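Participant: One structure, pasted below without further comment.
The values are calculated or read from the model by the stated rules, or taken from the named source; none is laboratory data. Computed from a predicted structure; not experimentally measured. Don't worry about glycine lacking a Cβ; one is built from the backbone with ideal geometry, like all the others, and counts go over all protein chains shown.
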Amino acid sequence: MKTEEWHYSAAHSRDNVTAPIEADEAARALADGPIGAFLVASIAVAVLFLGWLAFYFLLFIPRGSIG
């Protein structure tokens with residue numbers, strides 16, 4: 001019979017956790033964070049929109065009206 005072992009996360013050991021920082025240091029570190037996230041999201045939306053346009057103009061328009 002297999003015995004169960006306890007699982008400890010990486011944060012369990014103080015060696016893996018960084019020291020607390022001041023609020024102004026955190027603000028400086030996070031200053032450019034949202035810009036990168038918005039850039040990645042914008043690229044993803046643009047790719048999806050271009051794919052939708054490609055389907056529309058290459059698949060639906062050439063078929064014409066149905067009915």
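Participant: For the list (1) modelled with pLDDT of 90 or more; (2) exposed (fewer than 10 other Cβ atoms within 10 Å of the Cβ), I need the number of the one condition that Tyr56 fails.
Facilitator: (2)
Participant: Tally the residues that are under 25 Å from the mean Cα position of the chain (by Cα) and either of a type in the set (Gly, Ala, Ser) or surrounded by 10 or more Cβ atoms within 10 Å (Cβ to Cβ) (or both), restricting the search to region 1-20.
Facilitator: In the first step, residues of region 1-20 are kept if they are under 25 Å from the mean Cα position of the chain (by Cα); the result is 9-11, 16-18.
Now drop any that are not either of a type in the set (Gly, Ala, Ser) or surrounded by 10 or more Cβ atoms within 10 Å (Cβ to Cβ) (or both), which leaves 9-11, 17.
Qualifying residue count, region 1-20: 4.
Participant: Next up: Among the listed residues Ser42, Ser65, which satisfies the condition of being surrounded by 10 or more Cβ atoms within 10 Å (Cβ to Cβ) and among the hydroxyl-bearing types (Ser, Thr, Tyr)? Don't jump to the end; show me each part of the working.
Facilitator: Details: Ser65 fails: surrounded by 10 or more Cβ atoms within 10 Å (Cβ to Cβ).
Only one candidate qualifies: Ser42.
Participant: Across region 15-53, what is the number of residues that are in a helix (DSSP H, G or I) and either at pLDDT below 90 or in contact with a helix residue (DSSP H, G or I) (Cβ under 7 Å, 6 or more places away or on another chain) (or both)?
Facilitator: Residues flagged as in a helix (DSSP H, G or I) and either at pLDDT below 90 or in contact with a helix residue (DSSP H, G or I) (Cβ under 7 Å, 6 or more places away or on another chain) (or both) within region 15-53 amount to 12.
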